[in-house]
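The values are calculated or read from the model by the stated rules, or taken from the named source; none is laboratory data. These figures come from a predicted structure and were not determined experimentally. Glycine also receives a Cβ, built like all others from the backbone with ideal geometry; neighbour counts cover every protein chain displayed.
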Amino acid sequence: MGAAVALLCLAQLMTAPTASAGATAGCFRSTCTGEDPYAMGCDDDAEVLDQLNIDNDIEVKLVWSWMCQATWAKVTIDPTYPDTVYGALWHTPTLGGNETAYAVTALSQTSPTGYSPMGNWKATNKACWNIQNHGWDPEPLVYEEGGHVIPMPLVSGGCTDWM
């Protein structure tokens with residue numbers, strides 16, 4: 001009987017995902033918010049959820065780590081692109097609320113790749129780029145000014161789909 005129980009336990013360990021999957025990374029779920037995905041080891045199992053390519057000049061990725069249960073934005077520009085490019089991971093809480101951004105370092109010809117800190121895994125997320133500034137969302141859910149919803153034309157930039 002003892003051997004059968006031991007085999008059953010061993011089989012469960014081999015087939016069931018471990019509750020401490022994030023233990024091999026430096027953070028897990030909410031403890032990843034605002035952290036560097038590479039410093040925390042979350043890039044080890046990173047996968048791209050959505051990607052936006054602008055000609056051959058700009059590549060924006062919404063990246064996810066199952067191990068860390070977190071997302072981040074990664075933006076790469078062609079080193080010959082003439083403008084400074086800003087990127088961000090934008091998220092909005094699942095149950096509603098204000099959008100929040102985690103900025104990517106400004107990208108330029110001398111620094112063509114960057115990524116954002118990680119965002120809340122329970123939020124709805126998108127990765128964006130623009131040439132305005134770090135806190136500008138080129139495709140907001142709603143733009144309000146003085147309590148009035150204002151339609152906003154797309155000036156520069158773009159985003160992956162919300163996920």
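Test P140 against the stated conditions and say whether it is part of a loop (DSSP other than H, G, I, E, B), touching a residue at least 24 places away in the same chain (Cβ under 8 Å) and more than 10 Å from the chain's Cα centre (by Cα). For P140, the condition - part of a loop (DSSP other than H, G, I, E, B), touching a residue at least 24 places away in the same chain (Cβ under 8 Å) and more than 10 Å from the chain's Cα centre (by Cα) - is met. As a summary of the residue check, P93 satisfies the conditions (1) under 19 Å from L107 (Cβ atoms); (2) exposed (fewer than 14 other Cβ atoms within 10 Å of the Cβ) except for the one numbered (1). Does N133 satisfy being in a loop (DSSP other than H, G, I, E, B) and out of contact with any helix residue (DSSP H, G or I) (no Cβ under 9 Å at 6 or more places or on another chain)? Judged against the criteria, N133 is a match.
Quick grid of which residues meet (1) more than 10 Å from the chain's Cα centre (by Cα); (2) surrounded by fewer than 15 Cβ atoms within 10 Å (Cβ to Cβ):
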position	(1), (2)
I54	yes, no
K61	no, no
T80	yes, yes
V85	yes, no
N98	yes, yes
P112	yes, no
N125	no, no
I131	yes, no
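When the range 27-75 is examined, which residues are found to be free of Cβ contacts under 8 Å to residues at least 40 places away in the same chain and over 19 Å from D161 (Cβ atoms)? Scanning the range 27-75 gives T31, A39, G41, D43, D44, D45, D55, N56, D57. Checked against (1) at pLDDT 85 or above; (2) surrounded by fewer than 13 Cβ atoms within 10 Å (Cβ to Cβ), E145 passes all but a single condition, namely (1).
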